[in-house]
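A short reminder: the numbers here are calculations on the coordinates, not readings from a lab. The structure presented is a predicted model; accordingly, all values stated were derived computationally and were not measured. When we count neighbours, we look across all protein chains shown, and the Cβ atoms used for this are built from the backbone with ideal geometry, even at glycine.
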Amino acid sequence: MIEAETLKTASAPSLLEMARMIEAKDPYTAGHTWRVANYGQILAAALDYPPEKVEVMLLAGTLHDVGKVMIPDEILTKPGRLTKEEFEIVKKHPQDGFDILKEHEECEAVLEVVLKHHEAYDGKGYPFGLMGEQIPHEARLFAVVDAFDAMTTTRCYRPAMSIDNAVYEIWRNRGRQFDPRIADSFLGLIREGLLDHIAGHADYGVKIGRCPTCGPVLELHNAHHLDDIVVCRVCRSRFEISDILDGEFRLKYVGQATQEQVPAARFAS
């Protein structure tokens, strides 16, 4: 956890680095900010946002969870169910993110997204319990894409949901958790295959694979070849790519990596 005064005096590049640090602390979220930022940008364009606002969505997605730097590691990466008290701490991250970013003029355009992306269309979200059009449109947009990414990625406390099941959950909760028009537009993008290059990836051309040893993610590049070595940044297991069939990788354990061989966390760019 970082001291609040340090955050207030940070530069914009430092804030982006802090967003990277959040992902570095939790390997299960590898690529989360990249996916949410890109989902948000594509959905904003589909909803006819002006070009300058579409560009802002990339920064909003990258910084939407920056307040999580204030959550203790033992809560952020807890493998089991959170207690009521722990969840109350987690629920503070939108306000903490807003308080961090409001000190930075260059972040003014993303403040409402950071503060209100966990509000729900039916008023049952947090931190304010806003409902419907009381919630800024951009925050309603990120409520959809953030929830979709959370559902379709493995977390320390539960496995990933299939895309089909996540689509059903978005559809089932349109008009409740989600703005129905935004939800319908997002589901249309999925049906048309326009998000296939983002779902299940940590960056362009970088697929997310499951570590055979410990479960967290492996980054598998399209450019990888047979006999290449990939390393899990959690358990440090080294795997040789023994086969590639229809874009799927088969891995063979070949030993443990040194700290220097462990890849750094990937970050939205």
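Points to keep in mind about this one:
- Principal-axis tilt of helix 163-172 within the chain, Cα atoms, nearest 10 degrees: 10
- Distance from the alpha carbon centroid of the range 127-142 to that of the range 244-261 works out to 43 angstrom.
- Computed over the alpha-carbon pairs of the chain, the distance histogram in 10 Å steps reads 7, 28, 36, 22, 7, 0 percent, short to long.
- Among the cysteines of the chain, those whose beta-carbon sits 4.7 Å or more from every other cysteine beta-carbon are C107, C156.
- Virtual paramagnetic centre 7 Å along Cα→Cβ of H197, amide N under 15 Å, in the range 27-51: 35, 38-43
- Segment L226-E88, length gained on full extension (0.36 nm per residue, minus Cα span): 45.0 nm
- Hits among aspartates and glutamates - C-alpha to C-alpha of K78 under 16 Å, sequence gap 8 or more where chains match: E23, D26, E86, E88
- Which of F98, T77, V113, positive extreme of dipole for the range 74-116 (C-beta unit charges): T77
- Its Cα centre serving as origin, the chain has a Cβ charge dipole (Lys and Arg +1, Asp and Glu -1) of approximately 900 debye.
- Of K68/K252; K68/K124; K84/K124; K53/K207; K92/K124, pairs whose Cα-Cα distance is over 24 Å: K68/K252; K53/K207
- Relative to the longest principal axis of the Cα atoms of the chain, the long axis of helix 180-191 lies at roughly 20 degrees.
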